[in-house]
Amino acid sequence: MWLATVMTALLPQPRSISQPDAGSYTLTDSTRIAADPALRDAARWLQQVLRPATGLDLDSADANGSADSSDHGVVFRHDTALGAEAYRLRVSDSGVAIDAGGPAGAFYGAQVLRQLLPVAAYRTAVIAPDTEWLLPAVSIEDAPTFGWRGVMLDVARHFMPKADVLRFIDLMALHRLNVLHLHLTEDQGWRIEIRRYPKLTEVGAWRRESQRGPVRDAPGDGRPHGGFYTQDDIREIVAYADARHISVVPEIDLPGHSQAAIAAYPELGIGVDASGRGGPDLEVFTRWGINPNVLNTEDSTVEFFRNVLDEVMDLFPSSHIGIGGDECPTEQWEADARTHELVRERGLPDVHALHGWFLNALSTHIVARGRRPFGWDELLEGDPHPDSVIASWRGMTGARTAIRRGFPVVSCPDEQVYLDYRQSEMPEEPIQVGVPLSVADVYAFSPVPPEATPEQAALILGGQANIWTEHLSSTRAVDYAAFPRLCALAETLWGTGGDLTEFEGRLREHLARLDALGVEYRPESGPLPWQQRPDVPGRPSTRAERAAHVASLVANIME
């Protein structure tokens, strides 16, 4: 019975799975693991995660880790005919063979092997010494559909300590997600050490309190909040993710959502005089929502953020570098005489064009460093740098417009994959914002607009879920918001999603793995008492209200 259950509990579901016979293979003290040199890291990872849970040595087959050894139980073999993320896994009475096109494919095969074991394989210590570590005889062939299978994690609104980020990376890896979009700066906090500008963290990483809930006139909580990652912390996060085949894409959000930077360096704000002196006297923002305080567009401000981005790019080897571009009000620019001078000097039609001018200046710098600028779909309101990649968040209008204009897209429409949105209509849902977004809603997500031509569909890199943390002040709250909806997204982006009822059956089995890992996910029946927040009023919206609001926002990017 257990063998039949584990065969139906793989998640994301592999592309092809069959059970050639009723046999099995058991990991024992004599089991050894071998790997071709190119795949040795996957073998080491498997040893590292299984040894504590099983108590087995799982030594390498020989000193060289050669996959040619005949005396082994698990072997990783490099097959260059397979794609880089593709793998084949075969379990028989004589052992386990994982063939992979590259290190990523081998790692995904190792993740699936772990799923085939009893759920105690997800513990960090032996809890039952007599456990039989059985693997059912199975044949799996698998590869993902989309290359960008991501999560945006907002560590700016509420700081997430480094250890929690590393834990989140492991949870992403479990679900074969491969991009962590790290939202590092906001009005409410600057979370990355920039050595050239130390006040960005000395001042900008701390706020005196936080707004308590989404209601517009909500009081502050009176509790200071802050934190930031040192450059060595960032190096560790990047290396840890890379070992799990996850690319970390940093985002420095500009030119709006920048009050923390202006609080640290007032000369970045509106009100600077001709000699560069002055600027607003602002604190790090303590409220949620769109903020009218934006950067000025002086050449000195552009140079400031070129220098910031240089340090960011030195730390993050990712091919994409986030520059934000979302929700930038222009009222301050409209009212500022100096800004109008800059518009005339640059030959721009109006102050609204400064948004695109500013972001293109920084995009050009990013491209000169061999990277690609990555920004929200507001970039389409102007003329984005031709190497830009668009994150379509205001529904799928941005995706449709971008692919018509020839820009690559990461689809992340809010009404389908914003995991901070409430999960049901139940009044017990904590701090309700947005539309109700269930596991079924996320499972129905497709990053490709249905009307896209094959050429346009090829521009869809994939998709991601976005987890904003205004109302997620702890790792427990992030767990509740992310899981199990992130499980549904992982399968959708892997490209094997289909029958919802069948998925829900596998998900119920998969939740036992999350239990073993200590993930405080939302139960199917609704939030547990300690997951509720009756002390903080929410501000939910209906789908009709949200659709009307988004339609008004994206009207100027539609063709």
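The values are calculated or read from the model by the stated rules, or taken from the named source; none is laboratory data. Since the structure is predicted, the reported quantities are computational estimates derived from the model, not experimental observations. Note: ideal-geometry Cβ built from the backbone for every residue, glycine included; neighbour counts use all protein chains shown.
Numbers below:
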quantity: Criterion violated by Ile140 - all others in (1) over 19 Å from the mean Cα position of the chain (by Cα); (2) part of a loop (DSSP other than H, G, I, E, B) satisfied; calculated: (2)
quantity: Subset of segment 509-541 (residues that are acidic (Asp, Glu) and under 21 Å from Val435 (Cβ atoms)); calculated: Glu524
quantity: Any helices (runs of 4 or more DSSP H) falling wholly within segment 343-425 and containing at least 2 residues that are surrounded by fewer than 21 Cβ atoms within 10 Å (Cβ to Cβ), out of contact with any Lys or Arg (no Cβ under 8 Å at 6 or more places or on another chain) and without any contact (Cβ under 8 Å) to a residue 60 or more places away in the chain; calculated: 353-368
quantity: Leading residue by the ranking (modelled with the lowest pLDDT) among those in segment 236-281 that are on the phi > 0 side of the Ramachandran plot and touching a helix residue (DSSP H, G or I) at 6+ places or on another chain (Cβ under 8 Å); calculated: Gly276
quantity: Conditions (1) surrounded by fewer than 21 Cβ atoms within 10 Å (Cβ to Cβ); (2) of a type outside the set (S, T, N, Q); (3) under 25 Å from Asp154 (Cα atoms): number failed by Glu429; calculated: (1)
quantity: Residues satisfying the stated conditions in segment 143-192, i.e. in contact with a Ser or Thr (Cβ under 6 Å, 6 or more places away or on another chain) and either in a loop (DSSP other than H, G, I, E, B) or polar (S, T, N, Q) (or both); calculated: Ala156, Arg157, His158
quantity: Hits in segment 109-129 - residues which are closer than 20 Å to Thr28 by Cβ and assigned to a helix (DSSP H, G or I); calculated: Ala110, Leu113, Arg114, Gln115, Leu116, Val119, Ala120, Ala121, Tyr122
quantity: Selection from segment 27-61 of residues that are buried (at least 17 other Cβ atoms within 10 Å of the Cβ) and acidic (Asp, Glu); calculated: Asp36, Asp41
quantity: Residue match in segment 163-178 (condition: crowded, with 19+ Cβ neighbours inside 10 Å, outside the structural domain of Ala9 (by TED's automatic domain parsing), out of contact with any Cys (no Cβ under 6 Å at 6 or more places or on another chain) and of a type in the set (D, E, K, R)); calculated: yes
quantity: Single residue of Ser318, Ser300 found to be surrounded by fewer than 18 Cβ atoms within 10 Å (Cβ to Cβ), of a type in the set (Ser, Thr, Tyr) and in the same structural domain as Val238 (by TED's automatic domain parsing); calculated: Ser300
quantity: Residues of segment 450-467 satisfying the condition of being in a loop (DSSP other than H, G, I, E, B) and β-branched (Val, Ile, Thr); calculated: Thr453
quantity: For Glu378: the one exception among (1) touching an Asp or Glu at 6+ places or on another chain (Cβ under 6 Å); (2) at positive phi; calculated: (2)
quantity: In segment 324-334, residue surrounded by the most Cβ atoms within 10 Å (Cβ to Cβ) [restricted to those that are in a helix (DSSP H, G or I) and touching a residue at least 40 places away in the same chain (Cβ under 8 Å)]; calculated: Trp333
quantity: Leu309 in contact with a Phe, Trp or Tyr (Cβ under 8 Å, 6 or more places away or on another chain), assigned to a helix (DSSP H, G or I) and among the aliphatic types (A, V, I, L, M); calculated: no
quantity: Residue within segment 99-113 that is at pLDDT below 95 and surrounded by fewer than 22 Cβ atoms within 10 Å (Cβ to Cβ) present; calculated: no
quantity: Filter pass, Thr339 being out of contact with any Phe, Trp or Tyr (no Cβ under 9 Å at 6 or more places or on another chain), surrounded by fewer than 24 Cβ atoms within 10 Å (Cβ to Cβ) and at pLDDT 95 or above; calculated: no
quantity: Only listed residue being crowded, with 19+ Cβ neighbours inside 10 Å and either outside the structural domain of Gly434 (by TED's automatic domain parsing) or not polar (S, T, N, Q) (or both), chosen from Glu141, Glu209, Glu193; calculated: Glu193
quantity: Residue in segment 166-185 that is in contact with a Phe, Trp or Tyr (Cβ under 8 Å, 6 or more places away or on another chain) and among the aromatic types (Phe, Trp, Tyr) present; calculated: no
quantity: Selection within segment 117-138 - free of Cβ contacts under 8 Å to residues at least 24 places away in the same chain and either buried (at least 20 other Cβ atoms within 10 Å of the Cβ) or of a type in the set (Gly, Ala, Ser) (or both); calculated: Ala128
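For (1) modelled with pLDDT of 95 or more; (2) among the hydrophobic types (A, V, I, L, M, F, W, C); (3) out of contact with any His (no Cβ under 6 Å at 6 or more places or on another chain); (4) crowded, with 23+ Cβ neighbours inside 10 Å, each residue gets a yes or a no:
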position	(1), (2), (3), (4)
Gly463	yes, no, yes, yes
Arg476	yes, no, yes, no
Ala482	yes, yes, yes, yes
Thr492	yes, no, yes, yes
Thr501	yes, no, yes, no
